[in-house]
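First the structure, in the form of structure tokens, and then the observations on it.
The values are calculated or read from the model by the stated rules, or taken from the named source; none is laboratory data. Note that the structure is predicted; figures quoted are calculated from it, not measured. Here the Cβ positions follow ideal geometry from the backbone for every residue, glycine too, while neighbour counts run over all protein chains shown.
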Amino acid sequence: MINNISFKGSVIKAIQLLPKASSLIESLRDIGYSFESAVADIIDNSITAKAKNIHIHFDFEDKKLSLAIVDDGLGMNKEELIEAMRPGTKNPLESRDENDLGRFGLGLKTASFSQCRKLTVVASQDNRQVATVWDLDYVAQTEDWSLQVLDNDELSMLYKINELKKNGTIVIWEETDRIVDNSVSEGNEDVVYEKIENLQKHLELVFHRYLKGKDKINIFINGEQLKAFDPFFSHHKATQELTEETITVNTEKIKIIPYILPHYSKVSAQDYEYYAGTGGYLKNQGFYVYRNRRLLISGTWFRLIPQSEMYKLARIQIDLPNNLDDLWKIDVKKSKASPPLVIRQRLKKIIEKIAGSSTKVYKGRSRSISHTNTAFWERTSARGEIKYLINQKHPMIENFIKKLNSEEEHEFENILKLISDFFPKDTLYADIGNSNPNLINRLDIPDIELEAMAKDKILKEREFMTDDEFINYFQSTEPFSVYKNDWKEFLLSSVKLKYTTSAE
């Protein structure tokens, strides 16, 4: 039927052309959600509804997986639930509550459809419960966008319905054909447990700022409470929190805080591996973009610079308000973003500022003291070729050479040259690419051994150094530079120092 419609001052002829339900449904399933991002999208709704406790339940019986997400939020009445089940509930350009974690009004539906063919949502307000169902097989068969409303008897039989409080919501996924490949009968249970483990890690990262603090929320998976995973290791004393910067766009403020994670010599091997995160330090360097404290994007430089070993300890927190989504091109899944040109320019300057700090921490103390000849190895670069040579000006090596006669000195220098020439660069490159640095020749010389070496040094050379030189020697010279305690305190207790103010 052709209708005459007034539009922008003109009368146009138009035909209402609704999308074919079966085709659109299958297309909506392939927007690109992962299992983890789909569950996170459902949790966004619970947080927006002011839930304090969110329980995720898995049931794997008869090789079929069912999932329920139960919260104690505000819940919905019948009219609100029906509207929430409409595909495209909100216009993404409309203004929203500043704490709203949604945008398109699609998350509940598209996230669920990406993982299951049957979505049931139960809402409760003041113990009045209502339930609706999207059954994709029914929609495809009838070519009709008809939402099913359950009666009380049907509602009482639903999975985990007894978990629902006076107020709250249950989202139930059944016919989960995308979570587990039904064509594979063997090992499906192992696949499910692996997905649950990956989901836990994902949620502990994405919602880490909600999982701690005064107003924290609690998230459970099959009864196990999740723990916040802070990618910035911000509570460790060796983590560097650099100066916060603010960028104002359209009167809205974007806050940026760079962090430099601790060098592996400053933390335990267990902590170093834990805070590497899934994929390791190299993959997880870069910007971490949050909207309302919820992590959207992690571990990216937005193509401003390539990933590099030199920057792998740099992670930068960016906090956005939720009304800049369009400017940042936040996608439906809330897993991709692209900063506008004016922001990219500022971000590049911030990268330049942190480059020195990150490189210094990554290379450790040896780099900062390389110009004073106190590292065992020195790096040279000429004509595009990089070499690592044993530093013959290191105090220990230099003092040893002085004790040799000319023939012995020449032979010893040849040995050092051979060791440098046969530096195992190929093997080291492969090991670094496949391992964490803490697994490769970790510098873990016991303090008691370093102190014994220091006492020998004190007896031999104390009289030839000023107090300042003496303190600086132990603080900056390998191997003493890996000492975990304070050389100043040890030396003050071991030898009488005048100790000047400049030494402090």
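Structure above, values below:
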{"item": "Helices (runs of 4 or more DSSP H) wholly inside region 110-214 that include at least 2 residues being acidic (Asp, Glu) and under 27 Å from the mean Cα position of the chain (by Cα)", "result": "188-206"}
{"item": "Among (1) of a type in the set (A, V, I, L, M, F, W, C); (2) surrounded by 14 or more Cβ atoms within 10 Å (Cβ to Cβ); (3) assigned by TED's automatic domain parsing to the domain that holds Asp326, the one test that Ala269 misses", "result": "(2)"}
{"item": "Any hit, region 203-210, residues being more than 30 Å from Tyr159 (Cβ to Cβ) and assigned by TED's automatic domain parsing to the domain that holds Ala40", "result": "yes"}
{"item": "Failed item in (1) at pLDDT below 95; (2) on the phi > 0 side of the Ramachandran plot, with Gly168 passing the rest", "result": "(1)"}
{"item": "Filtered residues of region 105-158 (kept if of a type in the set (Ser, Thr, Tyr) and either touching a residue at least 24 places away in the same chain (Cβ under 8 Å) or surrounded by 19 or more Cβ atoms within 10 Å (Cβ to Cβ) (or both))", "result": "Thr110, Ser112, Ser114, Thr120, Ser124, Thr132, Thr142"}
{"item": "Residue match in region 117-126 (condition: over 17 Å from Asp71 (Cα atoms) and either charged (D, E, K, R) or in contact with a helix residue (DSSP H, G or I) (Cβ under 7 Å, 6 or more places away or on another chain) (or both))", "result": "yes"}
{"item": "Residue within region 213-223 that is surrounded by 13 or more Cβ atoms within 10 Å (Cβ to Cβ), more than 30 Å from Ile196 (Cβ to Cβ) and not charged (D, E, K, R) present", "result": "no"}
{"item": "Filter pass, Asp30 being at pLDDT 85 or above, closer than 24 Å to Tyr290 by Cβ and outside any strand (DSSP E or B)", "result": "no"}
{"item": "Lone unmet requirement of (1) in contact with a strand residue (DSSP E or B) (Cβ under 9 Å, 6 or more places away or on another chain); (2) closer than 27 Å to Leu164 by Cα; (3) surrounded by fewer than 15 Cβ atoms within 10 Å (Cβ to Cβ) for Ala68", "result": "(3)"}
{"item": "Filter result (under 19 Å from the mean Cα position of the chain (by Cα) and not in a loop (DSSP other than H, G, I, E, B)) within region 226-253", "result": "Gln240, Glu241"}
{"item": "Looking only at region 6-36, and only at residues there that are surrounded by 10 or more Cβ atoms within 10 Å (Cβ to Cβ) and over 24 Å from Asp137 (Cβ atoms), the one that is farthest from the chain's Cα centre (by Cα)", "result": "Ile12"}
{"item": "Every residue from region 266-316 that is aromatic (Phe, Trp, Tyr) and free of Cβ contacts under 8 Å to residues at least 24 places away in the same chain", "result": "Tyr274"}
{"item": "Answer residue from region 1-17, given it is in a loop (DSSP other than H, G, I, E, B) and either without any contact (Cβ under 8 Å) to a residue 12 or more places away in the chain or among the β-branched types (Val, Ile, Thr) (or both) and is farthest from Arg294 (Cα to Cα) among those", "result": "Gly9"}
{"item": "Some residue of region 462-480 being at pLDDT below 60, within 19 Å of Thr374 (Cα to Cα), under 39 Å from the mean Cα position of the chain (by Cα) and not in a helix (DSSP H, G or I)", "result": "no"}
{"item": "Positions within region 138-158 being polar (S, T, N, Q) and farther than 21 Å from Lys109 by Cα, in sequence order", "result": "Asn152, Ser156"}
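Table: residues versus (1) touching an Asp or Glu at 6+ places or on another chain (Cβ under 7 Å); (2) closer than 25 Å to Glu194 by Cα; (3) not assigned by TED's automatic domain parsing to the domain that holds Ile161; (4) not aromatic (Phe, Trp, Tyr).
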site: Asn4; (1), (2), (3), (4): no, no, yes, yes
site: Gly9; (1), (2), (3), (4): no, no, yes, yes
site: Thr48; (1), (2), (3), (4): yes, no, no, yes
site: Leu67; (1), (2), (3), (4): no, yes, no, yes
site: Pro87; (1), (2), (3), (4): no, no, no, yes
